[in-house]
Amino acid sequence: MFQTMNKKVSIILILIAIFYLVLSFRLPAYAYVPIDSDIVPIGLGVILLLLSGMLYFIKDQEQQENKEHIPKSELPVILGVICFIILYIALLEVIGFIIMTVLFLFLCSWFLGYKKHTVNAIVSIILPTLIFLLFDKFLQIQLPMGILPL
(Lines give C-alpha, C1' and ligand atoms only; values in the text may rest on other atoms or scores of the structure.)
Protein backbone atom coordinates (compact mmCIF):
# COMPACT_ATOMS: atom_id res chain seq x y z
CA MET A 1 0.00 0.00 0.00
CA PHE A 2 2.76 2.50 0.89
CA GLN A 3 5.55 1.18 -1.35
CA THR A 4 6.21 4.44 -3.28
CA MET A 5 7.06 7.92 -2.07
CA ASN A 6 4.05 9.38 -3.90
CA LYS A 7 1.70 7.14 -1.94
CA LYS A 8 3.32 8.01 1.39
CA VAL A 9 3.17 11.76 0.71
CA SER A 10 -0.37 11.44 -0.63
CA ILE A 11 -1.64 9.76 2.55
CA ILE A 12 -0.04 12.47 4.71
CA LEU A 13 -1.57 15.22 2.54
CA ILE A 14 -4.99 13.55 2.60
CA LEU A 15 -4.90 13.50 6.41
CA ILE A 16 -3.85 17.16 6.48
CA ALA A 17 -6.63 18.04 4.01
CA ILE A 18 -9.26 16.25 6.10
CA PHE A 19 -8.08 17.99 9.27
CA TYR A 20 -8.07 21.35 7.43
CA LEU A 21 -11.58 20.76 6.09
CA VAL A 22 -12.91 19.85 9.54
CA LEU A 23 -11.52 23.13 10.89
CA SER A 24 -12.86 25.05 7.85
CA PHE A 25 -16.39 23.77 8.40
CA ARG A 26 -16.18 24.98 12.01
CA LEU A 27 -15.62 28.63 11.01
CA PRO A 28 -18.44 30.90 12.19
CA ALA A 29 -21.05 32.06 9.68
CA TYR A 30 -21.76 35.77 9.18
CA ALA A 31 -25.29 36.97 8.47
CA TYR A 32 -24.85 39.96 6.15
CA VAL A 33 -22.09 38.98 3.74
CA PRO A 34 -22.61 37.69 0.20
CA ILE A 35 -19.77 35.17 0.44
CA ASP A 36 -19.20 33.61 3.84
CA SER A 37 -15.81 33.32 5.50
CA ASP A 38 -15.59 29.56 5.02
CA ILE A 39 -15.87 29.48 1.21
CA VAL A 40 -12.18 30.03 0.40
CA PRO A 41 -10.81 27.65 3.08
CA ILE A 42 -13.28 24.91 2.14
CA GLY A 43 -12.46 25.36 -1.53
CA LEU A 44 -8.73 25.13 -0.85
CA GLY A 45 -9.25 22.07 1.35
CA VAL A 46 -11.26 20.30 -1.35
CA ILE A 47 -8.60 21.11 -3.96
CA LEU A 48 -5.88 19.76 -1.64
CA LEU A 49 -7.91 16.61 -1.03
CA LEU A 50 -8.50 16.04 -4.76
CA LEU A 51 -4.87 16.66 -5.73
CA SER A 52 -3.66 14.41 -2.91
CA GLY A 53 -5.95 11.65 -4.12
CA MET A 54 -4.61 12.06 -7.65
CA LEU A 55 -1.03 11.91 -6.34
CA TYR A 56 -1.78 8.53 -4.78
CA PHE A 57 -2.39 7.02 -8.21
CA ILE A 58 0.55 8.65 -10.03
CA LYS A 59 3.49 6.33 -10.52
CA ASP A 60 6.80 7.33 -8.95
CA GLN A 61 9.29 8.36 -11.63
CA GLU A 62 12.13 8.10 -9.15
CA GLN A 63 13.77 4.73 -8.67
CA GLN A 64 15.31 3.74 -5.36
CA GLU A 65 18.89 3.65 -6.75
CA ASN A 66 18.62 7.08 -8.35
CA LYS A 67 17.38 9.09 -5.41
CA GLU A 68 18.34 12.71 -5.81
CA HIS A 69 19.69 14.57 -2.83
CA ILE A 70 19.73 18.31 -2.33
CA PRO A 71 23.26 19.58 -2.93
CA LYS A 72 24.85 21.21 0.10
CA SER A 73 25.45 24.36 -1.93
CA GLU A 74 21.65 24.81 -2.25
CA LEU A 75 20.92 24.61 1.48
CA PRO A 76 21.61 28.34 2.15
CA VAL A 77 19.18 29.26 -0.65
CA ILE A 78 16.47 27.00 0.75
CA LEU A 79 17.02 28.31 4.28
CA GLY A 80 16.96 31.89 2.98
CA VAL A 81 13.58 31.37 1.30
CA ILE A 82 12.25 29.70 4.46
CA CYS A 83 13.38 32.77 6.44
CA PHE A 84 11.56 35.04 3.95
CA ILE A 85 8.39 32.98 4.39
CA ILE A 86 8.62 33.09 8.20
CA LEU A 87 9.15 36.86 8.15
CA TYR A 88 6.22 37.27 5.76
CA ILE A 89 3.91 35.30 8.03
CA ALA A 90 5.14 37.06 11.19
CA LEU A 91 4.75 40.59 9.80
CA LEU A 92 1.64 40.17 7.64
CA GLU A 93 -0.84 41.37 10.28
CA VAL A 94 1.37 44.23 11.50
CA ILE A 95 2.54 45.70 8.20
CA GLY A 96 -0.33 44.57 5.99
CA PHE A 97 -1.00 42.31 3.02
CA ILE A 98 -0.09 44.67 0.20
CA ILE A 99 3.22 45.95 1.57
CA MET A 100 4.39 42.56 2.86
CA THR A 101 3.45 40.75 -0.35
CA VAL A 102 5.20 43.34 -2.51
CA LEU A 103 8.33 43.07 -0.36
CA PHE A 104 8.18 39.28 -0.24
CA LEU A 105 7.77 38.85 -3.99
CA PHE A 106 10.46 41.39 -4.89
CA LEU A 107 13.06 40.34 -2.30
CA CYS A 108 12.53 36.62 -2.77
CA SER A 109 12.84 36.92 -6.57
CA TRP A 110 15.95 39.06 -6.17
CA PHE A 111 17.42 36.59 -3.66
CA LEU A 112 16.81 33.70 -6.06
CA GLY A 113 18.74 35.51 -8.79
CA TYR A 114 16.13 37.19 -10.99
CA LYS A 115 18.01 40.05 -12.69
CA LYS A 116 15.26 42.10 -14.37
CA HIS A 117 14.53 44.41 -11.45
CA THR A 118 12.07 46.63 -13.32
CA VAL A 119 9.88 43.70 -14.37
CA ASN A 120 10.24 42.23 -10.89
CA ALA A 121 9.09 45.51 -9.30
CA ILE A 122 6.11 45.87 -11.65
CA VAL A 123 4.92 42.30 -11.05
CA SER A 124 5.56 42.62 -7.30
CA ILE A 125 3.31 45.68 -7.15
CA ILE A 126 0.55 44.72 -9.59
CA LEU A 127 -0.06 41.15 -8.40
CA PRO A 128 -0.74 41.93 -4.69
CA THR A 129 -2.83 44.95 -5.68
CA LEU A 130 -5.03 42.84 -7.97
CA ILE A 131 -5.35 40.11 -5.33
CA PHE A 132 -6.29 42.72 -2.73
CA LEU A 133 -8.92 44.26 -5.01
CA LEU A 134 -10.33 40.84 -5.86
CA PHE A 135 -10.72 39.91 -2.20
CA ASP A 136 -11.81 43.33 -0.94
CA LYS A 137 -14.17 44.54 -3.68
CA PHE A 138 -15.53 41.40 -5.31
CA LEU A 139 -15.42 38.75 -2.58
CA GLN A 140 -15.79 41.29 0.25
CA ILE A 141 -13.16 39.48 2.31
CA GLN A 142 -10.87 41.76 4.25
CA LEU A 143 -7.14 41.15 4.10
CA PRO A 144 -4.80 42.60 6.77
CA MET A 145 -4.38 46.33 6.13
CA GLY A 146 -1.51 46.93 8.53
CA ILE A 147 -0.09 50.43 8.31
CA LEU A 148 -1.87 51.46 5.09
CA PRO A 149 -4.73 53.94 5.64
CA LEU A 150 -7.08 52.38 3.05
Check: Tell me, which longest segment in the chain has none of the trypsin sites (Lys or Arg not before Pro) that fall in DSSP loops with at most 14 further Cβ atoms within 10 Å?
Finding: 68-114
Notebook entry, point to check: Mind listing which chymotrypsin sites (Phe, Trp or Tyr not before Pro) in region 94-136 are in a DSSP loop and have 13 or fewer other Cβ atoms within 10 Å?
Noted result: 114
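In the chain, carbon and sulfur make up what percent of the accessible area (probe 1.4 Å)?
Roughly 74 percent of what the probe reaches on the chain is carbon or sulfur.
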Notebook entry, point to check: Using a Gaussian network for the chain with springs between C-alpha atoms less than 10 Å apart, which of these wobbles most: 43, 113, 53?
Noted result: 113
Item checked: Sum of -39500 (n - 2.57) over DSSP H runs of 4+, divided by residues of the chain (222 nm, nearest 500) -> -21000 deg cm²/dmol
Next item on the list: Leaving out ligands and nucleic acids, note down the accessible area per residue over the chain with a 1.4 angstrom probe, in whole Å².
Entry: 76
Next item on the list: State the number of lysine pairs found in the chain whose Cα atoms come within less than 24 Å, restricting to pairs 8 or more positions apart or on distinct chains.
Entry: 6
Next item on the list: Please work out the C-alpha center-to-center distance from region 77-94 to region 132-150 and express it in whole Å.
Entry: 21
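Evaluate the charge dipole of the chain about its Cα centre and quote only its size in Debye, nearest 20, assuming +1 on the Cβ of each Lys and Arg and -1 on the Cβ of each Asp and Glu.
180
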Notebook entry, point to check: In square nanometres, what is the average projected area of the Cα convex hull of the chain?
Noted result: 12.4
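The values are calculated or read from the model by the stated rules, or taken from the named source; none is laboratory data. Bear in mind that the values here come from a model prediction, so they are computed numbers and not experimental data. Backbone-built Cβ (ideal geometry, glycine too); neighbour counts: all protein chains shown. The accessibility values were calculated without ligands, DNA or RNA, using every heavy atom of the protein model including side chains. Shrake-Rupley method; radii C 1.70, N 1.55, O 1.52, S 1.80 Å.
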